[in-house]
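None of the figures in this text is laboratory data; all of them are computed from the coordinates on show. Bear in mind the structure is a predicted one, so any value in this text is a computation, not a measurement. Here Cβ is always computed from backbone atoms with ideal geometry, including for glycine, and neighbour counts include all displayed protein chains.
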Amino acid sequence: MDKKITVIMVAFLFLISVSANLYSFNKLSNEESEINKKNALVLSSKENEVNELKEQIEILESKEVNSKTEKSEEGQEGIDEVTEQLEASNVSELENAAERFVDYSFNVNEENYALVKANAENYMTDEMIETLFSSDGISEEEMKLKTTVDQIDVFTSNVDENQAIVHYEIKLDYGNGYEENLKPFVLLHFITENGKIKVSKLEAINDIGGI
């Protein structure tokens, strides 16, 4: 009888111990599960924050690249505009030099010879001045021939910016009742000397019986 009671008591205590262990295990498991859920939520939240930060960084980088591109394009446009202005200015100066060269070469007489020769240095080289105005005045023979230029057209070259074709209408009065009207073309060569564009050489495209 005593043995039976003892066995029953031992079995009862064993069941209580097992139950307690199972309760503790389940409690720990539940606590770990809650912790894991919280950790998962925190991790998910952090991942979302990281993704948002990445998106913001990408947006900022994209804006920076676009800004640099726009500034670069604006800078290039500014350079192109300045270049075009300089080219237009050079063409205008070249055309002016060509017109003055033809004007000074033909619209000259005894009264304006000295003034024309003095101003010619602004539009032609010393060699050209020496060729066209070699003396201090017009000789008696040259005075018999009067030349007048009425129209001057300058065509700049797309191949060589230092060249231009000039077409002009010239009237020659030989002083003996004979007059002649010509419409020649000449090729002018230019150089830049002391900051000024000047005619350095002339080539006749068709014979005008003159320079």
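Go through 54-61, 150-157, 98-105, 198-205 and give me the packing order, highest mean Cβ count within 10 Å leading.
98-105, 198-205, 150-157, 54-61
Once label points are set 7 Å from the Cα along Cα→Cβ at both N181 and L115, what is their separation, rounded to one decimal in nm?
2.8
Report the gain in length on full extension from I191 to N66: 0.36 nm times residue separation, minus Cα-Cα distance, nm rounded to one decimal.
Length gained, I191 through N66: 40.6 nm.
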